[in-house]
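The values are calculated or read from the model by the stated rules, or taken from the named source; none is laboratory data. Note that the structure is predicted; figures quoted are calculated from it, not measured. Neighbour counts run over all protein chains shown; Cβ positions are idealised from the backbone, glycine included. Side chains included, ligands, DNA and RNA excluded: accessible areas come from the protein's heavy atoms. Shrake-Rupley method; radii C 1.70, N 1.55, O 1.52, S 1.80 Å.
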Amino acid sequence: MADFAPGARVRVKAMMPPGHVRTPGYLRGRVGEVERVLGPFPNPEQLAYRRKGDPLDLYRVRFPLGDLWDRDDADTLEAEIYAHWLEPA
Amino acid sequence: MPHDHHDHLSPSGHPYRPDQDGPLTYWQAMEIAIRELMVEKGIVTAAQVREQIDAMDARSPAQGAAFVARFWTDPAFRDLALRDGSNACAEMGFEVGPMRLIALENTSRLHNVVVCTLCSCYPRNLLGLPPDWYKSRAYRSRTVREPRKVLAEFGTILPEGVELRVHDSTADMRYIVVPRRPDGTDGWQPDRLAKLVTRDSMIGVAEALPATEAPA
Amino acid sequence: MTDGRRWHDMGGREAGRVVPEDHDYALWEKRVDALVILATTTGKMNVDGLRRVLEDMGEDAFETMSYYERWVASLNQNLLEAGVYTPSELGERIAAVQARGETYGDASNG
């Protein structure tokens, strides 16, 4: 699993599996920049199914809003994404 | 606890609604049944349920407003709030809650707004329970795609030169927006300033009230 | 939905105007909220389990049930999974509650 520092460019994995995940569909496959590292939190994909959650780094990732909706737009969006949903971009 | 206060807000800042007098619904019967079973099985006590509701009723946007007013007037508190919002809550004597708080400061060039597209995450420890519209399909769907239009529907028109930043509350953080301090409030004490800080301004769909609209 | 995206994942979808409506919470709704918190602090469930069941209930539930109706249904499912009680224990208790009276107030005073 990759570690990312603030400023790193990351891509949200484009997969769309069924089940409980906390990665919004509209961000999958999109590229953003790590705004800050929030430290480890238990994996919600395990907690949801009554398992112990393995610790995972959580990142706040900033995206240009225009990139998300394929338009010119200077506004931005941030979301929290767990490490296992990110890959280097 | 029947209410008849249609034009008033409850202490929690929500309008009153009729309560126990309507016909019993299936889901209400299920709530009673589950509560009784949980008590009988020794998981909770009736007193704990009452205490939890009392704590819920004690949480309201007034706490968030006090947080914002102190942020505006106390530079050391502002630094703490930006570095560690949860610690800042503790410093105010508010419960910290299970989630970590991040304070988002609006400036002349940046305006923040908060949404939860996947469910309805909300900074309950500072603002109480969320308003219905925050949980609505319209708000959850559109705020990440056309946030300026959504703000306009709340009467908030952002100038072109101001960056709008949308925060999708997807995981373990909770967010409170610190609106810009209104002009003409120099020298105001925090208690007076707090009256200008509305719930909607701390979600980011509105600005704080102007000084001229301070409630008595 | 051919792309696998699920109904609750609403970000970016088409939707109408935001209607700034709100209501105060009824006592039974506050009790549901309190029970979910207490079931969480006592380790019988967690917030991700709450969400998982809400999501699996589907879009029809979102459209036809109120917020706390969905929450009490999810609370129940989580408590069943945790073995707090069985479906028939719940069923018998619901019948007993319904036999107590016509209103929530009357049925609460068992």
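Tabulated data for the structure shown
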read-out	value
Where A:G66 falls short, out of the listed (1) surrounded by fewer than 17 Cβ atoms within 10 Å (Cβ to Cβ); (2) in contact (Cβ under 8 Å) with a residue 12 or more places away in the chain	(2)
Qualifying residue in region B:153-172 (condition: in contact with a His (Cβ under 8 Å, 6 or more places away or on another chain), among the β-branched types (V, I, T) and modelled with pLDDT of 95 or more)	yes
Helices (runs of 4 or more DSSP H) enclosed by region C:1-68 - at least 3 residues per element that are aliphatic (A, V, I, L, M) and either open to solvent by 10 Å² or more (accessible area, probe 1.4 Å) or facing another protein chain (nearest Cβ under 7 Å) (or both)	C:27-41, C:47-57
Positions within region B:1-42 being at pLDDT below 65 and outside any loop (DSSP other than H, G, I, E, B), in sequence order	B:L9, B:P15
Per-region count, region A:1-44, residues out of contact with any helix residue (DSSP H, G or I) (no Cβ under 9 Å at 6 or more places or on another chain) and either assigned to a helix (DSSP H, G or I) or small (G, A, S) (or both)	7
Among residues of region A:45-84, those that are at the interface with another protein chain (Cβ under 8 Å from one of its Cβ atoms), of a type in the set (A, V, I, L, M, F, W, C) and not in a strand (DSSP E or B), counted	6
Output for region C:73-110, where each listed residue is at the interface with chain B (Cβ under 7 Å from one of its Cβ atoms), closer than 18 Å to C:V36 by Cβ and outside any helix (DSSP H, G or I)	C:V84, C:Y85
Pairs with Cβ under 6 Å, 6+ apart, first in region B:151-178 and touching a residue at least 24 places away in the same chain (Cβ under 8 Å), second open to solvent by 10 Å² or more (accessible area, probe 1.4 Å) and of a type in the set (S, T, N, Q)	B:R165/A:T76
Qualifying position, being small (G, A, S) and within 13 Å of B:T25 (Cα to Cα), among C:A96, C:A107	C:A107
Odd one out for B:R192 among (1) within 20 Å of the chain's Cα centre (by Cα); (2) more than 14 Å from chain A (Cβ to nearest Cβ); (3) surrounded by 17 or more Cβ atoms within 10 Å (Cβ to Cβ)	(3)
Selected residue (only one of B:R109, B:R124, B:R140 is open to solvent by 10 Å² or more (accessible area, probe 1.4 Å), outside the structural domain of B:Q52 (by TED's automatic domain parsing), of a type in the set (K, R) and farther than 21 Å from C:Y25 by Cα)	B:R109
